[in-house]
Amino acid sequence: MRIQFLGFLLLSLSGLMPAPAQAPTQALAKAAETAVKGPALEPGEGFAVAEVNGGVQVFGEGRKQGPMGSLAKLIWMEFEGRDWGAQALLFKCTGKVKDHPCGLPKGHGRVDLPKALQLDCDNAFLAWLQMSAAMWRDVYGDGPGRTRLVEAFGPFLGKRLPAGNDLQPLDGAWIGQGELLQTSPEAFARWLVDPAQENLLDHAKRNLNGFFSDSSWWFQVGTAPILGEVGSARSWVVGSDGRRVFVLSLPPGKNRTEGLARMKAILGLPAK
Ligand SMILES: [Zn+2]
């Protein structure tokens, strides 16, 4: 036994054995260093870092507010993720439901909750939140159901919620299409690490990991409309190493893939 171990050790030392992946540990160390020193941002980028149970650091245009787009899905995960997960929901995305085109014109196919989140499938989330709203209406009634919704989304609604006392219509605005839900990197980072969001970081880690060999990392990439510019969008990237959260907003013209690449570059992480 001991001889075998010694042989293994010698082979490892001599470089004949493949070295175990070092990337996550090195990356973590480097990311910590980057966050402390200040990230290298490009013009138009906004960035915020928040410690779980700690303060928020803001860089670049990190205080600039704008439509939150797909980040709204993380709010739904906090709000309904446990119920939806327990129901093992499935949705078949064909690309379009009524007037709501999904991000991928040919559709995302059959998606469960993790996949809908990873692929940013608007139509699946829209179907599931409408299902939830119908249930609240039956169980609580319109008014209390609306109160629940306003409490969950309060920090992102400002004064933009149309007056009324009913739950209709829960449309694409509630998954971040349009300008109803808005945030900044700073505000979203602060919300993510707020202890009131009991389960969100766990949900996100479970559904969005798969980056590097270190499962504590996760990222969510999304797009949002730009205020006053019809038809144009900008990307958001949110991520965590399990101890901190990172929120990046990108200037117009960067797509989802480029957005994720920028987040990794800013954090000093390997591309894969
Ligand atoms: Zn879809």
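Let's see how each residue does on (1) crowded, with 20+ Cβ neighbours inside 10 Å; (2) under 18 Å from residue 56 (Cα atoms); (3) not aromatic (Phe, Trp, Tyr):
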{"position": "145", "(1), (2), (3)": "yes, no, yes"}
{"position": "148", "(1), (2), (3)": "no, no, yes"}
{"position": "153", "(1), (2), (3)": "no, no, no"}
{"position": "157", "(1), (2), (3)": "no, no, yes"}
{"position": "162", "(1), (2), (3)": "no, no, yes"}
{"position": "169", "(1), (2), (3)": "no, no, yes"}
{"position": "174", "(1), (2), (3)": "yes, no, no"}
{"position": "178", "(1), (2), (3)": "no, no, yes"}
{"position": "188", "(1), (2), (3)": "yes, yes, no"}
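Select from the stretch 231-260 the residues that are part of a helix (DSSP H, G or I) and surrounded by 15 or more Cβ atoms within 10 Å (Cβ to Cβ) and list them in ascending order. Of everything in the stretch 231-260, those that are part of a helix (DSSP H, G or I) and surrounded by 15 or more Cβ atoms within 10 Å (Cβ to Cβ) turn out to be 256, 259, 260.
Taking the stated definitions as given, is residue 85 in contact (Cβ under 8 Å) with a residue 40 or more places away in the chain, buried (at least 17 other Cβ atoms within 10 Å of the Cβ), touching a Cys at 6+ places or on another chain (Cβ under 8 Å) and within 29 Å of residue 186 (Cα to Cα)? So residue 85 fails the test. Could we say that residue 192 is of a type in the set (A, V, I, L, M, F, W, C) and in contact (Cβ under 8 Å) with a residue 24 or more places away in the chain here? Spelling it out, residue 192 is indeed of a type in the set (A, V, I, L, M, F, W, C) and in contact (Cβ under 8 Å) with a residue 24 or more places away in the chain. Just to be sure, is residue 189 among the small types (Gly, Ala, Ser), part of a helix (DSSP H, G or I) and closer than 25 Å to residue 40 by Cα? In short, yes. The residue that is modelled with the highest pLDDT, among those in the stretch 93-104 that are closer than 23 Å to residue 237 by Cβ and out of contact with any Asp or Glu (no Cβ under 6 Å at 6 or more places or on another chain), is 93.
For the stretch 202-230, a tally of residues being in a helix (DSSP H, G or I) and buried (at least 18 other Cβ atoms within 10 Å of the Cβ) returns 4. Looking at the structure I just gave you, is residue 63 away from the ligand (no atom under 16 Å from the Cβ), surrounded by fewer than 18 Cβ atoms within 10 Å (Cβ to Cβ) and at pLDDT 95 or above? Spelling it out, residue 63 is indeed away from the ligand (no atom under 16 Å from the Cβ), surrounded by fewer than 18 Cβ atoms within 10 Å (Cβ to Cβ) and at pLDDT 95 or above. Of the listed requirements (1) of a type in the set (Asp, Glu); (2) within 16 Å of the ligand (Cβ to nearest atom); (3) farther than 19 Å from residue 236 by Cβ, residue 151 misses just one: (2). Report yes if residue 171 is within 24 Å of residue 232 (Cα to Cα) and of a type in the set (Asp, Glu), otherwise no. Yes, satisfied. Filtering the stretch 33-58 to residues that are surrounded by fewer than 22 Cβ atoms within 10 Å (Cβ to Cβ) and either farther than 17 Å from residue 269 by Cβ or of a type in the set (Asp, Glu) (or both) leaves 33, 42, 43, 44, 51, 52, 53, 54, 55, 56, 57, 58.
Number of residues in the stretch 75-133 that are within 9 Å of the ligand (Cβ to nearest atom), part of a loop (DSSP other than H, G, I, E, B) and not polar (S, T, N, Q) equals 8.
The values are calculated or read from the model by the stated rules, or taken from the named source; none is laboratory data. All figures in this text were calculated on a predicted structure; none of them were measured in a lab. With ideal geometry, Cβ positions are generated from the backbone for all residues, glycine too; neighbour counts draw on all protein chains shown.
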